[in-house]
Amino acid sequence: MRTCYGEDLAHVHAAGFGAFAESVAAYLLTRFQSSSVPIRRIIDIGCGAGVTTRAFSDAGFSVLGVEPSEPLIERARKASPGAEFVQASAYDIALPACEAIVAVGEVLTYHDDLDRADDRVREFFRSAHAALAPGGLLAFDVIATGEPSLTGKSWVSGEDWAVLVQVTEDPSNRSLTREIETFRACSGHPILCACSTRRRFAPGFPNSALPSRCDTRMGTTGCSHDASPLSPNAFKAPSGGRPPSEIGQC
């Protein structure tokens, strides 16, 4: 699968957008460490720059990070030298046996071919079910249709970078497009990099099962997706204004 995360956007992602992953990792560690099923191996799907991978590895778990972007996975390798890594899409890897799978950061909503999106997500869940030990844990988040609309423009900047984002939501087609322009200082001169990403809203999830626009789920293998919410606002929303998430368990 093609990825929009080249060197410049990978730099921005690593430098300015790690807060959500840090919050997720802290929460999930408490779940893994208290799980009734001993967690030994974790697969970190869409590991990005390695924030969650490092947290899991530092806590003593065996971790496999999966990430399609070469610039991001190189950062992840440096951040977490004790983990294993595979450069691949969530949909193109044969998941090995494990006790936990993490797919946070809306990784299951990235698609370069929307016509195949629903089938690929279903295939991922079948693959995850086959890889997980009985009672194992799958944690993921998705974008769901509903209100408020995500259409709009925004910008975020750091010490040596800035990003301008235009979001166009099409509920009738269950799609969301983010057009991203990245500015990064290089030898004192700004460089512009532009890209566009397309997202598919969560396939097959009834709105009653998705209590917020950014919904994070945790469940045990073999259970249905319509988890009941447990702790609203369990994660802090990052500075970009994304709504807080909720945690559910089947």
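Tabulated values for the structure
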read-out	value
Residue match in the range 168-189 (condition: assigned to a helix (DSSP H, G or I) and within 30 Å of S36 (Cβ to Cβ))	no
Long-range neighbours under 6 Å by Cβ, at least six apart or interchain, first residue more than 22 Å from A144 (Cβ to Cβ) within the range 171-186, second exposed (fewer than 15 other Cβ atoms within 10 Å of the Cβ)	E181/A194; F183/P190; F183/L192; R184/I191; A185/D160
Test result for D160, out of contact with any strand residue (DSSP E or B) (no Cβ under 6 Å at 6 or more places or on another chain), surrounded by fewer than 19 Cβ atoms within 10 Å (Cβ to Cβ) and acidic (D, E)	no
Tabulated pairs, the range 113-135, first at pLDDT 90 or above, second surrounded by 16 or more Cβ atoms within 10 Å (Cβ to Cβ) and among the polar types (S, T, N, Q), C-beta under 7 angstrom, 6+ apart or interchain	H129/T221; L132/T221; P134/T221; G135/T220; G135/T221
Search result, residues across the range 161-181 that are in contact with a helix residue (DSSP H, G or I) (Cβ under 8 Å, 6 or more places away or on another chain) and either β-branched (V, I, T) or over 17 Å from E106 (Cβ atoms) (or both)	W161, V163, N173, I180
The one condition in (1) in contact (Cβ under 8 Å) with a residue 24 or more places away in the chain; (2) assigned to a strand (DSSP E or B) that G65 fails to fulfil	(1)
Filter result for D141 (surrounded by 13 or more Cβ atoms within 10 Å (Cβ to Cβ), acidic (D, E) and closer than 28 Å to S36 by Cβ)	yes
Residues of the range 58-78 classified as surrounded by fewer than 20 Cβ atoms within 10 Å (Cβ to Cβ) and either at pLDDT 95 or above or over 22 Å from A94 (Cβ atoms) (or both), total	8
The one condition in (1) under 26 Å from A162 (Cα atoms); (2) part of a loop (DSSP other than H, G, I, E, B) that S23 fails to fulfil	(2)
Residue within the range 140-148 that is touching a strand residue (DSSP E or B) at 6+ places or on another chain (Cβ under 9 Å), assigned to a strand (DSSP E or B) and modelled with pLDDT of 85 or more present	yes
Pair list, Cβ < 7 Å and 6+ apart or interchain, from the range 73-93 residues that are free of Cβ contacts under 8 Å to residues at least 24 places away in the same chain to residues that are aliphatic (A, V, I, L, M) and assigned to a loop (DSSP other than H, G, I, E, B)	V86/I93
Restricting the range 85-116 to residues that are part of a strand (DSSP E or B) and under 14 Å from L72 (Cβ atoms), the residue that is nearest to the chain's Cα centre (by Cα)	Y110
Flag for V156 being among the hydrophobic types (A, V, I, L, M, F, W, C), in contact with a Cys (Cβ under 9 Å, 6 or more places away or on another chain) and outside any helix (DSSP H, G or I)	no
Residue selected from the range 42-55 under the condition without any contact (Cβ under 8 Å) to a residue 40 or more places away in the chain and not in a loop (DSSP other than H, G, I, E, B), by the criterion nearest to S127 (Cα to Cα)	T53
Selection count where residues are closer than 24 Å to A130 by Cβ and surrounded by fewer than 18 Cβ atoms within 10 Å (Cβ to Cβ), scope the range 13-57	6
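The values are calculated or read from the model by the stated rules, or taken from the named source; none is laboratory data. This one's a predicted model, so the numbers in the text were calculated from it and none came from an experiment. Cβ sites come from the backbone with ideal geometry, for glycine too, and all protein chains shown count toward neighbours.
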